[in-house]
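The values are calculated or read from the model by the stated rules, or taken from the named source; none is laboratory data. Predicted model only: the values in this text are computed from it and were never measured. No Cβ is skipped: glycine too gets one built from the backbone with ideal geometry, and neighbour counts run over all protein chains shown. Just so you know, the surface numbers come from the protein's heavy atoms only, side chains and all, with ligands and any DNA or RNA stripped out. Shrake-Rupley method; radii C 1.70, N 1.55, O 1.52, S 1.80 Å.
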Amino acid sequence: MDGRSVLLGVCAIALLALALVGLRSPSRNPARLPLSLLFADLFGINFAVLAKRLFESPGWAALEVALTAAAGPLTLHVVLAALGLARRRRGLLVALYAAFALLALPGPASVASREAATWVETRWPLFFLALWLPTLGYGVVLLVARLRRPASADDAMRARLLLGGLALGGTLAMMDLWRDVGVPVPYLSPVGMVAGAAVGAYALLRGPRGERGVAAASVVYAVAGAVAALAAYLGVFVLLRGSFALLAFGALFVTLVVALATRELSVAVTERRERLERLAVLGRFSAQMAHDLKNPLAALAGAVQVLEGMELGEAAEFVTLAREQAERVRVIVERYDRIGRVEPVKMPVRINEIAQSVARAQALARPAGVEIALDLDPNAGLVDADRDLVASALENLVKNAFDAMTSGGTVTLRTDREGGHLVVTVADTGPGMDDATAGQVFEDFFTTKKTGGGFGLAFVRRVAVAHGGEATVETQVGEGARFSLRLPA
Ligand code: ADP
């Protein structure tokens, strides 16, 4: 492979990786899908150019033409969606897709006829430029107009970055076409596409301030996936190039695998995003409600205290009742408040010490016939965590174990170091749970207890997630339950 082929291969990997990042991204930006499709299209263009260089067949040039044509309307689609104009300018978009589709037609024709192939090589770029330059210009005009009257600071930043991305990608990527029509410019098309795409991805997938953007892990997976996909495509072409039918089948197979893997990933990401959003809304709601109830509750407690200092005769027992109920409400409000605020203040703590202090405190509250045991890994060491939150989570787990073991048993608090994680387990010898119950225990408000609120395990999970870890349960009916808190060490 010569230098230019290597450059094309590397740029193709980068573009496919950006497409995968786009599809995996939790961003709610309406431009996410057209942007990801545009990146996939640019990947296809680079791949077709690379394949054209490596394996001689007129099919590649045809594919390059069709995909290059698709890049035009997709680019404007991204700009319109990013500016929230895609719906209003739908007519224009449809017309543009149709016009560029017509422009793609000579591609397949060039496979059949030598004359058409020559025409595509010499004339087609001119037609493309004639359609592409006004499209690009219109996108630039729209972005400049938005820059003059941005809806917010984020909006202005997005428009500025998109403008930069368009200028970079839109002009550098065209260098190939200028060369085709005889203008002597350096060969920078693939680099231009990657640079423009990277700026576009940063502009649209970054997520506004305070919201989660693309996770670093997503980028790593996407790059790895793109390298694997490109290797698979090239492998298929090298192995099967003797037979066009086999080659087409192999390429289709690889495309299907990539599409399926990406779909699986994007469904998982969407579900996770929706769950996190639900949790965030619930958290804000709980914190607000707790905050609103605190003042009237304090006034009520104060009034009861004043009444308790008076000579009330028989009415005194009602005052005691009022005090007890006010105290109950205070405990409930505190629970809501805690659910709303799971914001760990992390510092290095010894997990064994936390387990020991929880066991000591809970030993005082254990029901008759229940024992607390400790099984601590002496090498557990330090973990970056919020001591209070982790202790509260463990307390919840121990209390649940107490509730479950109505006829006695043992609760064991165990610590283990497992690779990069510290795992704290609270295991009981109670009745355990069936699969249906176990599958719901971490949901908000799920409870099987008459007076339960269903907050405890939801809180435990929040604490785990807020630390970048996870909470899990292993259980079977009649075999007790083992709840684990895995924290990155
Ligand atoms: P609550 O304790 O208010 O019910 P939790 O979220 O702490 O809320 O627990 C939810 C449900 O999970 C409980 O109602 C119970 O059915 C089940 N559960 C929790 N811990 C255990 C356990 N150790 N053994 C059996 N079931 C449990």
**OP:** Output the residue which, of all residues in segment 475-489 that are away from the ligand (no atom under 13 Å from the Cβ) and either out of contact with any strand residue (DSSP E or B) (no Cβ under 6 Å at 6 or more places or on another chain) or open to solvent by 10 Å² or more (accessible area, probe 1.4 Å) (or both), is farthest from MET433 (Cα to Cα).
**Re:** ALA489
**OP:** Examine segment 190-206 for a residue that is surrounded by fewer than 20 Cβ atoms within 10 Å (Cβ to Cβ), farther than 22 Å from THR68 by Cβ and at pLDDT below 90, and state whether such a residue exists.
**Re:** yes
Subject >> Those residues of segment 413-429 which are β-branched (Val, Ile, Thr) and either near the ligand (Cβ under 9 Å from one of its atoms) or open to solvent by less than 40 Å² (accessible area, probe 1.4 Å) (or both), in sequence order >> reply: THR415, VAL423, VAL424, THR425, VAL426
**OP:** Under 8 Å between Cβ atoms, at least 6 apart or on separate chains: pull out the pairs that start in segment 374-400 with a residue that is on the phi > 0 side of the Ramachandran plot and end on any residue that is of a type outside the set (A, V, I, L, M, F, W, C) and away from the ligand (no atom under 16 Å from the Cβ).
**Re:** GLY381/ARG350; GLY381/ARG417
**OP:** Mind counting the residues in segment 457-466 that are more than 8 Å from the ligand (Cβ to nearest atom) and either open to solvent by 50 Å² or more (accessible area, probe 1.4 Å) or in contact with a helix residue (DSSP H, G or I) (Cβ under 8 Å, 6 or more places away or on another chain) (or both)?
**Re:** 5
**OP:** Name every residue in segment 392-403 that is within 11 Å of the ligand (Cβ to nearest atom), open to solvent by less than 50 Å² (accessible area, probe 1.4 Å) and over 14 Å from ILE372 (Cβ atoms), in order of residue number.
**Re:** ALA393, ASN396
Original post:
Inside segment 405-444, can you point out the residues that are over 35 Å from the mean Cα position of the chain (by Cα) and under 13 Å from PHE483 (Cα atoms)?
Top reply: VAL411, THR412, THR429, GLY430
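Out of GLY432, GLY454, which single residue is modelled with pLDDT of 90 or more, within 11 Å of the ligand (Cβ to nearest atom) and either crowded, with 21+ Cβ neighbours inside 10 Å or in a loop (DSSP other than H, G, I, E, B) (or both)?
Numbers: GLY454 fails: modelled with pLDDT of 90 or more.
So the residue among GLY432, GLY454 that is modelled with pLDDT of 90 or more, within 11 Å of the ligand (Cβ to nearest atom) and either crowded, with 21+ Cβ neighbours inside 10 Å or in a loop (DSSP other than H, G, I, E, B) (or both) is GLY432.
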**OP:** With respect to THR118, determine if the residue is more than 17 Å from ALA61 (Cα to Cα), touching a Ser or Thr at 6+ places or on another chain (Cβ under 9 Å), part of a helix (DSSP H, G or I) and not basic (Lys, Arg).
**Re:** no
Original post:
Just wondering, is there one or more residues in segment 467-474 that are hydroxyl-bearing (Ser, Thr, Tyr), within 8 Å of the ligand (Cβ to nearest atom), over 19 Å from ALA363 (Cα atoms) and open to solvent by 20 Å² or more (accessible area, probe 1.4 Å)?
Top reply: no
Subject >> Test: VAL441 is hydrophobic (A, V, I, L, M, F, W, C), within 12 Å of the ligand (Cβ to nearest atom), in contact with a strand residue (DSSP E or B) (Cβ under 7 Å, 6 or more places away or on another chain) and over 22 Å from LEU376 (Cα atoms) >> reply: yes
**OP:** Could you tell me which numbered condition ILE332 fails, if it satisfies all but one of (1) at pLDDT 90 or above; (2) farther than 22 Å from ALA464 by Cβ; (3) within 14 Å of the ligand (Cβ to nearest atom); (4) surrounded by 13 or more Cβ atoms within 10 Å (Cβ to Cβ)?
**Re:** (1)
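Among the candidates ALA51, ALA66, single out the residue that is in contact (Cβ under 8 Å) with a residue 12 or more places away in the chain, closer than 25 Å to GLY139 by Cβ and part of a helix (DSSP H, G or I).
Details: ALA51 fails: closer than 25 Å to GLY139 by Cβ.
Exactly one of ALA51, ALA66 is in contact (Cβ under 8 Å) with a residue 12 or more places away in the chain, closer than 25 Å to GLY139 by Cβ and part of a helix (DSSP H, G or I), namely ALA66.
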Original post:
What number of residues within segment 367-391 satisfy the criterion of being open to solvent by 20 Å² or more (accessible area, probe 1.4 Å) and within 14 Å of the ligand (Cβ to nearest atom)?
Top reply: 2
Original post:
Within the set of pairs 6 or more residues apart or between chains, which connect a residue that is closer than 16 Å to GLY456 by Cβ inside segment 423-435 to a residue that is within 8 Å of the ligand (Cβ to nearest atom) and part of a helix (DSSP H, G or I) with Cβ atoms less than 7 Å apart?
Top reply: VAL426/LEU397; VAL426/ALA401; ASP428/ALA401; ASP428/ALA404; GLY430/ALA401; GLY430/ALA404
